[in-house]
Each structure stands twice: as structure tokens, then as C-alpha cells.
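Read-outs throughout are calculated quantities, based only on the coordinates presented, and are distinct from any laboratory measurement. On a predicted model such as this, the values are computed, not experimentally measured, just so you know. Here the Cβ positions follow ideal geometry from the backbone for every residue, glycine too, while neighbour counts run over all protein chains shown.
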Amino acid sequence: MALHFTRQEFAERISRTLASMARENLDGLLIFRQESMYYLTGFDSFGYVFFQCLYLSRDGRLTLLTRAPDLRQAQHTSIIEEIRIWVDHPEADPALALRDILEADGCQDRRLGVEFEAYGLTAANGRKLEAALAGFCELVDASGLISRLRVVKSAAELAYVQKAAELADEALAEAHRLAGPGAFEGDILAAMQGAVFRGGGDYPGNEFIIGSGRDALLCRYFSGRRRLDAKDQLTIEFAGVYRHYHAALMRTIPIGEATPRHIEMHKVCLEAMQACMAALKPGRPIGEVFDAYARVCDQAGMKAHRLNATGYSLGTTFAPNWMDWPMFYHANPAEAQPDMVFFLHMILMDSHSNSAMCFGHTVQVTDDGCVALSKMPLDLVVR
């Protein structure tokens with residue numbers, strides 16, 4: 001069995017979830033987020049792209065409703081014992097199968113929480129769920145219930161995050177080794193991802209991001225690879241991943257030479273990072289971190305080139321992306337707590353000069369501030 005945490009830790013997570021359910025007067029929880037299933041049970045799969053629900057009763061019993069390919073997946077990777085299969089056919093409605101499970105458990109007229117904010121619960125499946133349970137029980141949006149528990153990491157989770165940070169550093173070292181005039185982006189990507197795999201890591205929640213030339217200003221993955229020119233710029237955003245726990249890094253690497261604009265933008269990014277790390281303190285709203293980023297950038301005349309968010313929580317996340325709750329944006333009232341993990345990214349994109357300068361690293365909130373988990377400096381590295 002491929003369990004990555006002790007049964008005791010899973011039991012403690014379930015106990016905290018039940019306590020949160022009790023505070024919100026929930027008689028059960030319908031879990032659709034893969035992150036939540038992994039957190040509570042270890043269940044590791046991409047079967048959430050279909051209708052897949054983990055039911056947690058108020059007395060702590062777990063029942064998984066899924067398709068046949070995930071029967072053994074759940075048996076091999078999780079602590080779930082009760083697994084029900086819905087069968088594919090043209091008229092299949094797995095929501096009705098879920099109702100049968102809930103009816104057998106006495107959930108009629110009960111108040112059930114639902115993770116409506118889940119990539120697996122599409123609008124079509126959500127409609128099926130609501131239609132199947134209409135008049136049967138009360139459904140309450142509980143999308144954030146487990147996310148609020150996941151955001152503070154245990155000692156075992158932090159060990160995985162630290163390992164992920166080490167893998168990210170190794171991937172960045174590969175990028176620095178290969179980047180330079182004439183280098184092929186595909187070779188750089190292959191070496192970076194290979195460093196993670198060689199270290200025992202996993203695929204990330206979304207693709208590694210790479211872009212050069214004017215595409216160094218992009219912060220999303222896109223198809224198509226090119227060779228670097230003699231004078232160029234390369235932006236990479238990626239993550240080391242271990243047991244699905246992410247530690248992200250981001251860099252813009254001038255190729256051939258750093259232009260005066262690169263040097264100016266790097267100075268602003270470095271000052272912004274220092275301000276953000278000073279603002280990230282336990283007990284303080286994380287919106288203040290974004291405000292620090294915006295203040296430094298705006299005072300330097302870079303308002304038009306910055307973004308409206310400057311990072312987000314990291315942890316165990318599944319495709320399609322590694323971004324977790326909460327995010328650094330203005331007026332976000334969520335308070336930082338010790339042992340939260342965040343990705344801080346300083347992004348400046350000047351479309352007038354086609355200049356990019358982006359760097360970021362993963363940090364852990366401590367009792368009195370935060371510390372970077374990467375050992376790689378934030379110097380301007382030219383290749």
C-alpha cells in the first residue's frame with residue numbers, strides 16, 4: 001500500500017474535519033476535490049475528471065463512489081475501505097447512485113456540505129447532483145472547509161515540501177547549466193523535469209512554464225519551442241514536487257547580456273521581494289503582502305508592468321494547476337499562520353520594451369516571519 005502518511009495522521013485530519021463539520025452543523029460532507037481526498041485518505045488518482053465523490057459521515061465513516069478503473073487505485077493508495085462503483089452506460093447518472101448511498105446512511109432531511117468548488121464537479125455534474133438530491137436533503141456549500149485545514153502544514157507535510165524545494169533547486173541548476181545562446185527550450189525543459197524525476201519527484205499540478213524573446217513576458221504554458229538568440233531573455237516558472245507537495249521557483253534569465261531595463265527591473269523586483277517577506281507575518285492579513293509588492297513597484301514607476309496578485313499558497317494540489325488557497329491580493333483578509341507555505345512571485349512585464357523580469361521562491365511562515373526554502377540566490381544570472 002502506497003500510503004505517504006501514518007494512519008494516525010490521517011485519523012487526526014479526519015477528526016479535525018469532523019470538528020469543523022460540527023461547528024457548521026453539517027451531518028455529512030460530499031467531497032469532490034482530489035486534494036481533499038488525498039489529504040484525508042491518501043487516495044491518489046486523476047479519476048476526478050469523472051463523477052467521483054467521497055462521502056464523510058458525521059461519525060467519521062468514509063464511502064467512495066467512483067468508476068471501475070479507480071477501484072484498485074483506491075485500494076492500493078488509500079485508507080478507504082468502502083468503495084462503490086458506478087457503471088458507464090448511455091443513461092448513467094452517478095448522482096442517483098450517490099443518493100442511494102446517502103439514503104442507506106439515513107441522510108434524508110439532513111444537512112450536507114458539498115465541495116462545489118472542485119474541478120471534478122463540472123456544471124453538468126453539479127446539476128445532476130442537485131437534481132438527484134432535490135427534496136431529499138439540504139445542500140450547503142462547504143468548498144473551503146478542508147482547504148482551511150490543509151493550509152497549515154504538519155511536520156510530515158513540511159518535510160515533503162522541503163524535499164520538493166530541494167528538487168526545484170536542482171531543476172533551476174539544470175536550467176542555468178543549459179541556458180545560453182543557441183540553447184533549445186525543449187532541452188532545458190527536459191533537463192529540469194528530469195531533475196525532479198531523478199530525485200523521486202512527481203509531475204506538477206500544471207506544466208512547467210517557459211518562454212523566451214517576447215514570449216518571456218508570458219506566465220502561462222503554451223505549445224511551441226524555439227532556440228535562444230545570441231541576445232535574448234528566458235523566463236521559467238516551475239516546481240519541485242514530492243508526494244504531490246509543491247515548491248515553486250521563477251526566474252528571468254537574460255541571455256548574452258542584461259539590458260539596462262533588465263537591471264532596473266531586477267532591482268525593483270528584489271526590493272519588492274524583501275518588502276513582501278517583511279510583510280508576511282503570522283496574525284497579519286495576507287493582503288498586506290500584495291500591498292507591499294504594489295507599493296514598491298508603483299513608487300518605481302512600474303505600476304503598468306506589475307500584476308494584481310503576487311503569489312499564493314502551495315501544498316498538495318492536482319491538475320490543472322498547483323495554485324492553492326489563499327492568494328496574495330489587495331484586501332485579502334486571510335491571516336497568515338505558522339507553517340503555512342506560500343509562493344511569492346515578483347513579476348514585471350514591460351510590453352513597450354519587450355522586457356521581462358520575474359523571480360519567485362517558496363517560503364514557510366514561521367513564528368515571527370517567514371523563511372525561503374530555496375537555497376538559490378535571487379541574483380541576476382546572465383547566460
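Between the range 9-40 and the range 203-252, how many Å separate their Cα centres?
35 Å
For the chain, just the Cα atoms, rotate onto the principal axes and tell me the three extents in Å, largest first.
69, 42, 37
In what sequence do 221, 39, 245 fall when counting other Cβ within 10 Å, fewest first?
So the residues, fewest neighbours to most, are 221, 39, 245.
Starting from the amide H of residue 340, placed 1.01 Å from N in the peptide plane, find each other amide H under 5 Å away whose residue is 5 or more places distant or on another chain.
Sorted by chain and number, the residues that satisfy this are 153, 365.
At R0 = 56 Å, how high is the FRET efficiency between residue 127 and residue 230 if r is their beta carbon distance? Nearest 0.05 is fine.
On the way: r = 56 Å, r/R0 = 0.99.
Once rounded, the FRET efficiency stands at 0.50.
How large are Rg and Dmax for the range 1-72 when only the alpha carbon atoms are used, in Å?
12.3, 36
Going 7 Å from the Cα of residue 351 in the Cα-to-Cβ direction, what parts of the range 203-224 have a backbone nitrogen less than 16 Å from that spot?
214-220
Mind putting a number on the dipole of the range 155-372 about its Cα centre? Charges go on the C-beta only, +1 for Lys and Arg and -1 for Asp and Glu, and I need it in Debye to the nearest 20.
Values: 18 positive and 25 negative charges, 97 e Å.
Roughly 460 debye for the range 155-372.
Using 32 Å as the Cα-Cα cut-off, could you pick out the over-long pairs in 153/303; 163/267; 153/231; 163/231?
Values: 153/303 34 Å; 163/267 30 Å; 153/231 43 Å; 163/231 35 Å.
Violating the 32 Å Cα-Cα cut-off are 153/303; 153/231; 163/231.
Based on DSSP H runs of at least 4 residues, each adding -39500 (n - 2.57), what is the mean residue ellipticity at 222 nm of the chain after dividing by all its residues, to the nearest 500 deg cm²/dmol?
-11000 deg cm²/dmol
Calculate the dipole size of the range 85-221 relative to its Cα centre from +1 charges on Lys and Arg beta carbons and -1 charges on Asp and Glu beta carbons; express the result in debye to the nearest 20.
In debye, rounded to 20, the range 85-221 gives about 400.
Could you run the Karplus curve 6.51 cos²θ - 1.76 cosθ + 1.60 with θ = phi - 60° over the range 259-267 and give me ³J(HN,Hα) per residue in whole Hz, x for Gly and Pro?
Coupling constants for the range 259-267: 6, x, 5, 4, 5, 5, 5, 5, 4 Hz.
Need one number: nm distance between label points at residue 159 and residue 372, each 7 Å from Cα along Cα→Cβ, rounded to one decimal.
Output for this residue pair reads 2.7 nm.
Could you work out the Kirkwood radius for the range 7-150, taking every pair of different alpha carbons, averaging 1/r and inverting it, reported in Å?
15.0 Å
Among 341, 63, 217, which residue has its Cα positioned farthest towards the positive end of the charge dipole of the chain, with +1 placed on the Cβ of Lys and Arg, -1 on the Cβ of Asp and Glu, and the dipole taken about the Cα centre?
Final value for the positive-end residue is 217.
Nearest 0.05, what FRET efficiency do residue 334 and residue 197 give at R0 = 41 Å with Cβ-Cβ as r?
0.75
Output wanted: per-residue J couplings in Hz (rounded whole) for the range 231-242, from phi through Karplus 6.51 cos²θ - 1.76 cosθ + 1.60, θ = phi - 60°, x for Gly and Pro.
For the range 231-242, the Karplus-derived couplings read 10, 7, 8, 10, 10, 10, 9, 7, 8, x, 9, 9 Hz, x marking Gly and Pro.
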